[in-house]
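The values are calculated or read from the model by the stated rules, or taken from the named source; none is laboratory data. All figures in this text were calculated on a predicted structure; none of them were measured in a lab. Here the Cβ positions follow ideal geometry from the backbone for every residue, glycine too, while neighbour counts run over all protein chains shown.
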Number of protein chains: 2
Amino acid sequence: MIFMRHRLNRIALAPASPQNQRMNLDALYSELTLKTKTKLALIVLDGLGDLATKEQNYLTPLEAAHTPNLDKLAKNSAHGRMIPVAPGITPGSGPGHLGLFGYDPLEFQVGRGVIEALGLGLELKPGDVCARANFATLDAKGIVTDRRAGRIATEVCEKLVALLSAKIKKIGDTQVIIKAGKEHRFVVVFRGKGLEGPLTDADPNREGFAIPTVKPRDAKNLKQKKMAKLIADFYKAALPVLAKEKPANGFLMRGIAHQPHIPLFEDRYLLKPACLAVYPMYKGLAQLVGMIKIEGPQTIAEQFERYLKEYDNYDFFFIHYKYTDKYGEDGNFAAKKKAIEDFDAALPILLKKKPDVIAITGDHSTPVSMKGHSWHPQPVLLHSTTSGSDKLERFTETGANLGSLSVFDSKFLIRLMQANAKMFDKFGA
Amino acid sequence: MIFMRHRLNRIALAPASPQNQRMNLDALYSELTLKTKTKLALIVLDGLGDLATKEQNYLTPLEAAHTPNLDKLAKNSAHGRMIPVAPGITPGSGPGHLGLFGYDPLEFQVGRGVIEALGLGLELKPGDVCARANFATLDAKGIVTDRRAGRIATEVCEKLVALLSAKIKKIGDTQVIIKAGKEHRFVVVFRGKGLEGPLTDADPNREGFAIPTVKPRDAKNLKQKKMAKLIADFYKAALPVLAKEKPANGFLMRGIAHQPHIPLFEDRYLLKPACLAVYPMYKGLAQLVGMIKIEGPQTIAEQFERYLKEYDNYDFFFIHYKYTDKYGEDGNFAAKKKAIEDFDAALPILLKKKPDVIAITGDHSTPVSMKGHSWHPQPVLLHSTTSGSDKLERFTETGANLGSLSVFDSKFLIRLMQANAKMFDKFGA
């Protein structure tokens, strides 16, 4: 065989002409989106993904669990695994859920303060800057000796927050809202004009150091500069209030940032969304993209029952189940397995009025063996009349490796759900 | 296990809002990187990947080989396949290894001249322009009649290079450094001011044509223009020196380019890297990103023994094994299989001090049936306490297709290795 090589293109490539700019993918999805009469359910078993280890006979909790109802769904579903952010990146709940909601977590970043504030049920306004805070113990020289003030009881935290709130309502023109969380945790919201984050943390991240002065992340940003000054003034006002408290005579602040601009879920997907979550953090994340929070249900069975009642009122249901993550964090294999079995037992309630499109997945993995969030792609099951079948008898991590969805970025899940809901017009002729 | 975490890279991130520009992924990895006390080993069986063909009973060399030690590792590892550059692109050793080192081969391009020069142990300075050259035979009219001058012996090459070096030390203000390689190969380094590549090749790529005049790749680049003139002047000075030699009375020059700016491996990953390679090319590639070259070992067993001795001195070990590629290029199935078995037999030496994270892969595929590099994704095995198990009993191409790592770009391997070394902080709350 003889190759005639014509090196025609051995010149520098011309820059893409303005006419040939690659189309923005979100714009394309948006352009193709049709309104259909379909019901979509995104069911998140928080931290679902796990690792097979020798200690557990090479079975993950999902693989070890008895899940007859998931099994039935599995056969007529597409399977795959999802990368929450990027290879090797372990996401917090914020980026994990933003990805599931179809927002690129590298494009839409939400400060910890904002997430905590939303989680505590605070209604944020545009321009609000939030900080996650916790009480700490300082020595006479202002050195942090306990970053969590011995994990004081929630009641003590509430008392101290009331004290601070009574003394500090404003700094200059800026309104200050302080709200207690659990144990040593609280949030501070600054509501005023011309404020912006993100700032560096007022937290040495370890004991034995003083609280560092916060700085703008972008030295040229005047609104961040103003905000940094405000934090310094807040410390000046607040530390004397706590001076005689024991052990909580100081506090640290982290994730100081404003609520980012996020396009509303309903505008972006033409789906009216509802959130059925129990824990505040997930309600807060749903609220951030404009989902309606449905309050009341405390168990997954109650959440599914409520879904049945609300069926006609919404197009999209985000249903959040916390316990898979919780027991993963605890390193409790049996409990995580049981949490999956409890979920499976409740699943038939949802299926009484089967959504047209069902996605069951996690926001990330929380392997029992790691006792924390991880970067490992979580398994996902997608079921609809057009999902096809991957001929898998069960929904598992190892099975999902073989699925037709392969490994993909979480942010595309909602696009696949929309496609399964026949919400996209054909692209091109 | 105790981690010493130094938050060295906690520098400002580009503000996400209000434009919500997508964050640069390398910047995110950098921001999240923690220093941990872990040892990472990247073990490259050059050209490892292969194709199953009917002629070999549908077994690849890796599948046909007896590999008890790899098998043991396989069960407790994650598996996948890697795309070196892009679908369908066959990489040379340069892009293949840059990808493995975590540098996008489309972003960081290295001229062949630079790679050859580094491979011959030349210490390059910023601004040096290098050319890969080989002696050739020209007829009376200057037509190339043998592009390799009959593959002259290395000693003859060395003699000719000495001749050229004696006669040509400078061209104008530019210093000229000429160094012999193996057989007909040599490199020329131009050290001066205001020089730049890349240029087109002084090589017709086939016999029967004259040596083409080199041109700037970018016609508007004045430094490239100056460099092109310098090459022409070098030919004017050098060809008369060789005029009476037989058969090497001429030479061709390719890959004329300067050393690109590449961020140092240690700065990029917070890992102190060492290179244990035998062949100059791979030492050169490692040196390009700032790895320390450990000289001495000649066999894979010796390389592993040396790893044991150097264990405390470095965090990251790049261990390169050439023979899988060599025998793939030869089209010798039995020899490639045997090379894998030899590697496997030496593996227990490495495991005496087991690295915390082990990646075993190739830089690309070199299928025996193709006798050359190819674009087929190479298999990769990733082993650590957090790699999980894909329940695979062996490390093979077909098995890797089922793995949890799926098919991914080579440049992410090091990020997964870092994740497995717990070197990334959580992203977001």
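For this structure, a couple of remarks:
- Of the strands (runs of 3 or more DSSP E) lying entirely inside the stretch A:113-219, those containing at least 3 residues that are farther than 18 Å from B:A429 by Cα and in contact with a helix residue (DSSP H, G or I) (Cβ under 8 Å, 6 or more places away or on another chain) span A:174-180.
- Residue selected from the stretch A:129-173 under the condition within 21 Å of A:I115 (Cα to Cα) and of a type in the set (S, T, Y), by the criterion surrounded by the most Cβ atoms within 10 Å (Cβ to Cβ): A:S165
- Enumeration of residues in the stretch A:74-92 that are among the polar types (S, T, N, Q) and either crowded, with 24+ Cβ neighbours inside 10 Å or in contact with a strand residue (DSSP E or B) (Cβ under 6 Å, 6 or more places away or on another chain) (or both): A:S77, A:T90
- A:K236 being within 13 Å of chain B (Cβ to nearest Cβ) and without any contact (Cβ under 8 Å) to a residue 40 or more places away in the chain: no
- Residue in the stretch B:417-427 that is crowded, with 22+ Cβ neighbours inside 10 Å, touching a residue at least 12 places away in the same chain (Cβ under 8 Å), in contact with an Asp or Glu (Cβ under 8 Å, 6 or more places away or on another chain) and on the phi < 0 side of the Ramachandran plot present: yes
- Listing of strands (runs of 3 or more DSSP E) fully contained in the stretch A:297-395 that carry 3 or more residues being within 14 Å of another protein chain (Cβ to nearest Cβ) and either in contact (Cβ under 8 Å) with a residue 40 or more places away in the chain or within 15 Å of A:G49 (Cβ to Cβ) (or both): A:378-383
- Check on B:G197, crowded, with 19+ Cβ neighbours inside 10 Å and either at pLDDT below 95 or farther than 11 Å from B:A133 by Cβ (or both): yes
- Residue satisfying condition, being over 24 Å from the mean Cα position of the chain (by Cα), within 14 Å of chain A (Cβ to nearest Cβ) and at pLDDT 95 or above, within set B:N76, B:N20, B:N24, B:N69: B:N76
- If you go through the stretch A:396-414 and keep only what is under 23 Å from the mean Cα position of the chain (by Cα) and surrounded by 20 or more Cβ atoms within 10 Å (Cβ to Cβ), you end up with A:T396, A:E397, A:A400, A:L405, A:V407, A:S410, A:K411, A:L413, A:I414.
- Verdict on A:I256 being out of contact with any Asp or Glu (no Cβ under 9 Å at 6 or more places or on another chain), among the hydrophobic types (A, V, I, L, M, F, W, C), over 18 Å from A:P91 (Cα atoms) and buried (at least 21 other Cβ atoms within 10 Å of the Cβ): no
- Counted residues, the stretch A:396-429 - those being more than 18 Å from A:V357 (Cα to Cα) and assigned to a strand (DSSP E or B): 4
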